[in-house]
Amino acid sequence: MMGFRRRPSNVQPPQPQPEADRGRLARVGTRLAVAFILVAALLPLIGLLAERHQRTAVARDADIQARRLAGVIAHEVGAEVEQGRALDHEQLQRRLDELRRHIGGDVEILDLRRDIVANTMPAALARRVVTDPEGRIAATLRDGEIRTVNVSADAAGEAMRLAVVPIRTPEGIVGALLLDYTDLHAQLLNSSAPIRRSTLGAAMAGMAVSLALAYLLSRGLIRDIRHLTFTAEQLAGGDYAARATVTSRGELRQLATAFNQMADRIAERRAELTDLAVTDALTELPNRRHMRSSLTRELQRARREGRPLGLVILDLDHFKAVNDEYGHLAGDAVLRRVGEVLKRELRSSDVAGRPGGEEFAVLLPDTGRDAAMAIAERLRAALAKETVRHRDRTVTFTASFGVVSFPDDGQDAEALVQRADDALYAAKRAGRDQVQAPPVDRPGL
């Protein structure tokens, strides 16, 4: 049985660690600890930067939405002027009052002399806006650039955020539209407040983690916060499908959930504004802008698939007489009833809209001229049977129709609309309350 052998003389016993080495290790440990503490201390700074970036992103999104909405309203006002209407105070005032009920923001329309044509702002605010101390409204009237203006708080402490958009016609700029989106900005900012608080809370919570896990946790937190910031940038850039995903648990995951909830609310708000921009408020049918894009899209599809496309334009007969005899409220009721009839009588694949005034349009996919004529005749008969009760009086109405189809009557949107208008006017000249189509053998087709 072997015992312990003697240690060879050339093997030295363990030597005690030099004092200098122990000091060096202590300094390394201290440096690592300080480094971890500094990393943890950076988290509140990162949180503040993220909070500021989120606030900036929300403000930028409010600016974008306000510019787009103001541009749509200004375009519609300019279109009315283009059709031969002046900047009529009473008509525009009614329009602005109706818009305010839908969008919740005040609107002001100025002419080239910066005189107020119509507005929904309180009188004191309206006067303070048109003074234009920085000259930005006057600049928009000169160069046609869309601007946002921050009006500083007055003695009553009321500050404003305005989108300034020129009102254009083919002859040039005829005025400017000012949209007060202070409430929209505040609403979006308030909806993101929980996220900003969660961001700062998560950053402060990161300082409480133990030094042993600080390095690993800080890496994960920074990565996720960077992803949150990147997602905020995507959202601010118009990618409303962007959502935050994190690998961390606890507070940061709650933060990501809150961020995604805010993104969902912003997307819903944007959808509401978009719907308002493409829908006629009176009839709830697509407006002129939507119908133009729908016609272009359906033409492309019909051309690509080799299918026909029907277009029907109808105009109410003697509608001015209805307004004159029964009043504009009765006229509005008639327009709403026409919209209801179109929704009731048409197929789900058809697109009915109100380009403006007493004119309506219908797109009929996969429908040739004969079928489109039959549908138009059915609509004409249905409208002729309708009545509207207004103040114990019965209002009757009829409509004239112009019908064309692709490719028989034209190869592009402009040609189809022109020929449909020609057919409509032919129906008017022939006595109204009838359906007309252009001659099949028209030269040049």
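The values are calculated or read from the model by the stated rules, or taken from the named source; none is laboratory data. This is a predicted model, so every value here is computed, not measured. We place every Cβ from the backbone using ideal geometry, glycine too, and count neighbours over all the protein chains shown.
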Fill in the blank from the handout: Note: among A413, A423, just one is touching a Lys or Arg at 6+ places or on another chain (Cβ under 9 Å), of a type in the set (A, V, I, L, M), assigned by TED's automatic domain parsing to the domain that holds I313 and under 15 Å from A361 (Cβ atoms), namely A413
Problem - Output for the stretch 302-332, where each listed residue is under 13 Å from L364 (Cβ atoms) and touching a residue at least 60 places away in the same chain (Cβ under 8 Å) - result: A302, P308, L309, G310, L311, V312, I313, L314
Completion exercise
Considering the stretch 246-278, residues that are in contact with a His (Cβ under 7 Å, 6 or more places away or on another chain) and β-branched (V, I, T), and then whichever is modelled with the lowest pLDDT, we arrive at V246
